[in-house]
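Notes follow once the structure below has been shown.
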Amino acid sequence: MKSFIVLAVFVAAAVAAPAVVGGPDSTAQILRYDSNNIGVDGYSYGFETSNGISQQEEGQLVNAGSENAAIAVRGQFSYTGPDGQQYTVTYVADENGFQPQGAHLPQVA
């Protein structure tokens, strides 16, 4: 389970990679930030920036009280690529691993 969360954090960090000093991302502003820490049962958050990056995510505790207790996460993030296109990735991270989907990602047969 910890590896799922770690992978989700790496994906989020890659999307929010440091901006080139003086580049368009260096002046980006946070337009929206919502956070709802429900407590031990789950959470949700979302944000949007002026440079076209956005992310929404929610997590729920599943199998509470058992040795198989875990957090199941669902979310999506979007960003504008270097080619000017908008990219969106939706994902689930649960006991089956990190499962991203996006029109630009290769499909597993």
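The values are calculated or read from the model by the stated rules, or taken from the named source; none is laboratory data. Quantities reported herein were computed from a predicted structural model and do not represent experimental measurements. Cβ coordinates were reconstructed from backbone atoms using ideal geometry, including for glycine residues, and neighbour counts include every protein chain displayed. Note: accessible area is taken over every heavy atom of the protein model, side chains too, but ligands, DNA and RNA are not part of it. Shrake-Rupley method; radii C 1.70, N 1.55, O 1.52, S 1.80 Å.
The table below gives the values:
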quantity: Residue match in segment 36-47 (condition: of a type in the set (A, V, I, L, M, F, W, C), open to solvent by 80 Å² or more (accessible area, probe 1.4 Å) and either more than 23 Å from Pro100 (Cβ to Cβ) or touching a Cys at 6+ places or on another chain (Cβ under 6 Å) (or both)); calculated: yes
quantity: Residue match in segment 91-101 (condition: surrounded by fewer than 16 Cβ atoms within 10 Å (Cβ to Cβ), on the phi > 0 side of the Ramachandran plot and without any contact (Cβ under 8 Å) to a residue 40 or more places away in the chain); calculated: no
quantity: Test: residue in segment 91-98 that is of a type in the set (S, T, N, Q), within 16 Å of the chain's Cα centre (by Cα) and at pLDDT below 95; calculated: no
quantity: Residue satisfying all of: in segment 51-81; at pLDDT 90 or above and part of a loop (DSSP other than H, G, I, E, B); surrounded by the most Cβ atoms within 10 Å (Cβ to Cβ) among these; calculated: Ile53
quantity: Complete set of residues in segment 60-87 that are farther than 18 Å from Gln99 by Cβ, out of contact with any Leu (no Cβ under 9 Å at 6 or more places or on another chain) and of a type in the set (Gly, Ala, Ser); calculated: Ala64, Gly65, Ser66, Gly81, Gly84
